[in-house]
1. With the checklist (1) in a helix (DSSP H, G or I); (2) more than 16 Å from the ligand (Cβ to nearest atom) in hand, flag the one item Glu78 doesn't pass.
2. Here are some conditions: (1) over 30 Å from Ser381 (Cα atoms); (2) of a type in the set (Val, Ile, Thr); (3) under 24 Å from the mean Cα position of the chain (by Cα). Val138 meets all but one. Which one does it not meet?
3. May I ask you to verify whether Leu228 is among the hydrophobic types (A, V, I, L, M, F, W, C) and open to solvent by 40 Å² or more (accessible area, probe 1.4 Å)?
4. Among the numbered criteria (1) touching a Lys or Arg at 6+ places or on another chain (Cβ under 9 Å); (2) among the charged types (D, E, K, R); (3) free of Cβ contacts under 8 Å to residues at least 24 places away in the same chain, which one does Glu20 miss?
5. Please go through the stretch 244-292 and pick out each residue that is among the basic types (Lys, Arg) and within 26 Å of Phe80 (Cβ to Cβ).
6. Yes or no: Gly42 more than 30 Å from Ser155 (Cα to Cα), more than 26 Å from the chain's Cα centre (by Cα), surrounded by 15 or more Cβ atoms within 10 Å (Cβ to Cβ) and more than 16 Å from the ligand (Cβ to nearest atom)?
7. For the stretch 300-320, how many residues meet the condition of being within 14 Å of the ligand (Cβ to nearest atom) and under 28 Å from Ala258 (Cβ atoms)?
8. What single numbered condition from (1) surrounded by 24 or more Cβ atoms within 10 Å (Cβ to Cβ); (2) within 16 Å of the ligand (Cβ to nearest atom) fails to hold for Val64?
Amino acid sequence: MTLVIDNISELITNDPALGEGPLGIINDASVVVSGDEVLAVGKAGASADKQLDAGGRCVLPGFVDSHTHLVFAGDRAEEFTRRMAGEPYDGGGIRVTTDASRQAGREALRAELGQRLGEVHRAGTTAVEIKSGYGLSVDSEAELTALAAEVTSESTFLGAHLVPSEFQDRVDDYVELVCGPMLDAVRDHVRWIDAFCETGAFDADQSRAVLEAGRAAGLGLRLHANQLGYGPGVQLGVELGCASVDHCTYLSDDDIEALAASDTVATYLPATDFSTRQPYPNARRAIDAGVKVAIASNCNPGSSYTTSLSFCIALAVRDMHMTIDEAVAAVTTGGAAALHRPDLGRIVEGSPAHLTILDAPSRHHLAYRPGVPLIWRTFGSDYRIPSTNDQNNN
Ligand code: NIG
């Protein structure tokens, strides 16, 4: 059974060989799919067994969200409200979510994860990375990583998210636990390992120890870096060959130079800067220097409780000095690069049929109409939504 999505005003393929500019845009286009695979892209009027009239809408590759913390219990609305009244963000609330997640139990965590994944899909996102990091004990991190692995191959061990209360003033003991018994308990559930390298969380030596232990266990590396101030994280991430360093709110000239000379992707999380009242990073500076960039949601209950990459695009264009085309690339091919998944983020013959249709004629509307639910349909996904969830738009 083949399906043609026809009468597309603007099709973003992300293959410059197929259309105009770096996004490979084809106007007045069609896409033919069979099951989970794209069979053909080209001008409107292709034939297939079934037809969907896109009605002059814009079709993009499904968004690739390369940084989320979707497995957790509870929310921190009160903390957010206090922050909007002037209280600074320091990451300490991670312990509040850790308490709630340890107590919730597997079924409740799975149900909350399923609901969030439904929201993710309705937001036009068809691939997600999911971190642990709200367990911070051997058993609880094993539970959270197992839940993430049930739904995505892009699961990440973040035992080094914050030192839990029971290890107060014993950070090195906690790092030993993370690098030893905790890593052993999670390694079969995860593809990646991550650490929060920041004042108040883990310093460069501790982050290095965690990432090197992960690498020895066969995991790929990622790092939270330079979120709350300048620091050693970005350069450590580059030195260790991380696939991505994430946040990058504060980048020195040396950080930019190191990133530009590397294959490490700088992943911006603008909804976090919005929710924590941090300044927005100037992505223009990094892009013009040759840094490869991605944009992700960082969906979590503390610093960025949104699944909307459309919102992130609008912030990146308005406040980070990215063009709309750069922002669209950052949430598609950029996210795919940050996950070392070149199969994702493009609409070309043979690629997975993961598509987002906007209720708008062009990509410009993503930034031009902020806050408006512009996702008309989302097709396919790289993740599995637990069946209890209502996946209502496919
Ligand atoms: O990426 N920075 C560390 N981790 C999350 C915040 C988690 C939280 O506050 O609960 C982040 O922003």
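1. Just one mismatch for Glu78, condition (2).
2. Every condition holds for Val138 apart from (3).
3. It is true that Leu228 is among the hydrophobic types (A, V, I, L, M, F, W, C) and open to solvent by 40 Å² or more (accessible area, probe 1.4 Å).
4. Only one criterion is unmet by Glu20, namely (1).
5. Hit for the stretch 244-292 is Arg277, nothing else.
6. For Gly42, the condition - more than 30 Å from Ser155 (Cα to Cα), more than 26 Å from the chain's Cα centre (by Cα), surrounded by 15 or more Cβ atoms within 10 Å (Cβ to Cβ) and more than 16 Å from the ligand (Cβ to nearest atom) - is met.
7. Residues meeting the conditions: 4.
8. Unmet for Val64, out of (1) surrounded by 24 or more Cβ atoms within 10 Å (Cβ to Cβ); (2) within 16 Å of the ligand (Cβ to nearest atom): (2).
The values are calculated or read from the model by the stated rules, or taken from the named source; none is laboratory data. Because the structure is predicted, anything quoted here is derived from the model rather than measured. A quick note on method: Cβ atoms are made from the backbone with ideal geometry, for glycine too, and the neighbour counts reach across all protein chains shown. Areas reflect the complete protein model, heavy atoms only, side chains present, ligands, DNA and RNA absent. Shrake-Rupley method; radii C 1.70, N 1.55, O 1.52, S 1.80 Å.
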